[in-house]
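Values quoted throughout were computed directly from the atomic coordinates according to the rules given, and no laboratory measurement underlies them. Note that this is a predicted model, so its numbers are computed, not measured. Cβ: placed from backbone, ideal geometry, glycine included. Neighbour counts: every protein chain shown.
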Amino acid sequence: MRIGHPLRALVAERATFRCEYCYYPEEFSPSSFEVEHIKSLTAGGLTKLENLALACSHCNRHKSIKQEGIDPVTKRAARLFNPRTNSWSKHFILDRTTGIIEGVTPIGRATVKVLCMNDIQPLTARRNLIRLEVL
Ligand SMILES: [Zn+2]
């Protein structure tokens with residue numbers, strides 16, 4: 001969704017200007033965050049506040065139109081984290097020593113894997129913010 005869209009400000013403020021998947025703060029990102037459809041338009045999702053989330057470009061690019069992934073522990077399909085209906089702290093833990101985001105439920109683990117949340121680039125950026133005490 002383009003930057004000037006009227007819903008963008010509402011989505012960004014609701015998200016407190018953080019990626020709703022990896023919790024990275026937009027103010028420390030080199031690129032503007034994106035408004036993504038939790039349920040994609042191609043899957044019948046609507047451009048309404050309850051179906052929109054603020055996402056960093058890394059999470060948005062990897063999520064794309066995906067709705068589910070494989071939980072690496074159970075090897076079973078699990079739907080992806082929904083920022084509108086799921087609580088972040090119930091599904092994820094941020095290890096402040098390593099910077100790694102760990103999924104603690106099938107939804108959390110599948111989402112960490114599909115969104116590649118611990119790839120070296122977002123992991124390094126997250127570690128730096130932890131070291132600077134802004135995350
Ligand atoms: Zn993110």
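Under the convention that each Lys and Arg Cβ holds +1 and each Asp and Glu Cβ holds -1, the size of the dipole of region 80-135 around its Cα centre is about 80 debye. Projecting the Cα atoms of Cys22, Ile38, Leu10 onto the dipole axis of the chain, where Lys and Arg carry +1 and Asp and Glu carry -1 at the beta carbon, places Ile38 farthest toward the positive end. Modelled label positions at Val104 and Gln121, each set 7 Å beyond Cα in the direction of Cβ, lie 2.9 nm from each other. A Cβ-based charge dipole, computed about the Cα centre of region 35-94 with Lys and Arg at +1 and Asp and Glu at -1, lands at about 100 debye. In this rough spin-label picture, where each label sits 7 Å from Cα along the Cβ direction, the Leu129-Thr42 distance is 2.9 nm.
Compactness of region 6-131 was expressed as the Cα radius of gyration divided by 2.2 N^0.38 Å, which yields 1.00. Restricting region 44-103 to trypsin sites (Lys or Arg not before Pro) that sit in a DSSP loop and have at most 16 other Cβ atoms within 10 Å of their own Cβ leaves Lys48, Lys66, Lys75, Arg76, Arg84, Arg96.
Between Gln67 and Arg14, the FRET efficiency estimated from the beta carbon spacing at R0 = 22 angstrom works out to 0.55. Computed over the chain with a Gaussian network model linking Cα atoms closer than 10 Å, the most mobile of Ala110, Ala43, Ala125 is Ala43.
For Val104, the residues whose amide H sits under 5 Å from its own are Phe92, Ile93, Arg109, ignoring neighbours fewer than 5 places away on the same chain, with H placed 1.01 Å from N. Mean projected area of the Cα convex hull of region 1-71, taken over all directions, amounts to 4.9 nm².
Using Cβ point charges alone (K and R +1, D and E -1), the dipole size of region 6-131 about the Cα centre works out to roughly 280 debye.
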